[in-house]
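Notes follow once the structure below has been shown.
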Amino acid sequence: MMKYVSFLLCASTFCTAGFAQTVDGTKFRAIEEGQWYHPIEPEMWTYFGADETTVYEILERVADSDGPRVDPDQPDTQIAYGPGNWIYEFTLAGDAAMAAGNHKAAAIYYHTASAPHTNDPNSVAALQSANAAYVQAASTVASDFEVVDIAHENQSFQAFLHLPEGEGPFPVLVMSNGSDMSKVTALNYYETHLQPKGIAFLTLDTPGMGDSIAYDVRDGQTDKLHAAAAAWAKTQPNLQSNNVFLQGVSFGGNAAARLFLDKPELDLAGVIYTCGPLHQAFLAPPEAYENFPRYTIDGVKIRVGLELDASYQDLADAVRVLSLENQGLFDGDKITTPLLAINTHDDPVASLDDMSRLLDQAENAESVVFHLPGHCPPHNQREAIVSAWIISNLRD
């Protein structure tokens, strides 16, 4: 049965029915974030585990630095690796947090130093430190944790597995974030929303980043590692093979939608699509991508196998393959796997028009649309919705 659920200020069954959205990079960031290269999101960083005072002290040092910058108008683009450099300052904070035993905060500082996770050696080193800090932080959570290796295409990638207290087996959520957020940012999700409900958590990096760096998505198969992780989860004796759920957020939302449409044979208990670009965002003309923050574009370039100096035309050509419509996945029989779709009403890359086409392919779908501007709803609100939805869709 198809079921659409509106949320917050949406009064109609589907908030923007009949309203065609276009790709608008100028809406990707809130005005209050300023014009820095990196998104300036202290509230989100503190939600993940960083210290607010420390964050503002770092930003002040970065802004006050007088070193040469890649872009003189962007304070966080100092070229030299040293005081005032973004990677250096956040890495220094990570080192201090590690020394103090605050591993959760350290993971976030290192991750923030690395983002958008390019091939820059200092960025790569920072993300490796973030993973190491996360392993330490996870060991303090009252449950079992392990780093697992999952095989795919004669290689393997690492994922993080959290198991709640108890004998199990447990239902499990397989999850990835987007093109600029690695799996080390998800510990609060597990601690606050999943562990209390007895849900295990298997997290992976999207292809082309972190522990999934050996892969990219130039073949259009954004879901290949998600599918491998879900299939792996089904074979584990401490996990319920009939209650494997999968979520992808932002760029990972494309992967979740693709897996839902292309691999119903996985027989998942449910798929959660969250604010991911599906079609329109990948067909924009090259000049449209010029309006997006360079930080966002740099992350996408790396994930699709391009160098940072690739042109916007190169980018436009490379991302065409990621359109699920171009892949023919919006056609075909209805899919019985339960689907939850979460979005804002005016996402600059994940249009409600595209999301409605995904929902139309499902026999059993629910949607939650936040009447908010910008890309993706707030973490704590969407995570609470997902954990409750998983419980309501558990199989016997």
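The values are calculated or read from the model by the stated rules, or taken from the named source; none is laboratory data. Everything quoted here is computed from the prediction, not taken from an experiment. Backbone-built Cβ (ideal geometry, glycine too); neighbour counts: all protein chains shown.
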inquiry  = With the requirement that a residue be among the small types (Gly, Ala, Ser), surrounded by fewer than 24 Cβ atoms within 10 Å (Cβ to Cβ) and assigned to a helix (DSSP H, G or I), what does the stretch 231-254 give you?
reply    = 231
query = Are there any pairs, at least 6 apart or on different chains, whose C-beta atoms fall under 8 Å, with the first in the stretch 355-377 and within 18 Å of residue 259 (Cβ to Cβ) and the second in a strand (DSSP E or B) and at pLDDT below 90, and if so, which?
reply = 359/2; 362/2; 363/2; 364/2; 365/2
message = Against the conditions (1) closer than 26 Å to residue 318 by Cβ; (2) touching a Gly at 6+ places or on another chain (Cβ under 7 Å); (3) of a type in the set (S, T, N, Q); (4) surrounded by fewer than 22 Cβ atoms within 10 Å (Cβ to Cβ), where does residue 280 fall short? Just the number, please.
response = (2)
task = List every residue pair whose Cβ atoms lie under 9 Å apart, where the two residues are 6 or more positions apart in sequence or sit on different chains, the first residue falls within the stretch 146-168 and is touching a residue at least 60 places away in the same chain (Cβ under 8 Å) and surrounded by fewer than 18 Cβ atoms within 10 Å (Cβ to Cβ), and the second residue, located anywhere, is assigned to a strand (DSSP E or B) and of a type in the set (A, V, I, L, M).
result = 148/159; 148/161; 148/202; 168/200; 168/239
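A quick yes/no check of all residues on (1) touching a strand residue (DSSP E or B) at 6+ places or on another chain (Cβ under 6 Å); (2) among the basic types (Lys, Arg); (3) at pLDDT 95 or above; (4) assigned to a loop (DSSP other than H, G, I, E, B):
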residue: 278; (1), (2), (3), (4): no, no, yes, yes
residue: 321; (1), (2), (3), (4): no, no, yes, no
residue: 349; (1), (2), (3), (4): no, no, no, yes
residue: 356; (1), (2), (3), (4): no, no, yes, no
task = Residue by residue through the stretch 290-302, note down the ones that are in contact (Cβ under 8 Å) with a residue 24 or more places away in the chain and either among the charged types (D, E, K, R) or within 17 Å of residue 326 (Cβ to Cβ) (or both).
result = 290, 294, 298, 300
Test for residue 366: is it farther than 15 Å from residue 250 by Cα and in a strand (DSSP E or B) = yes
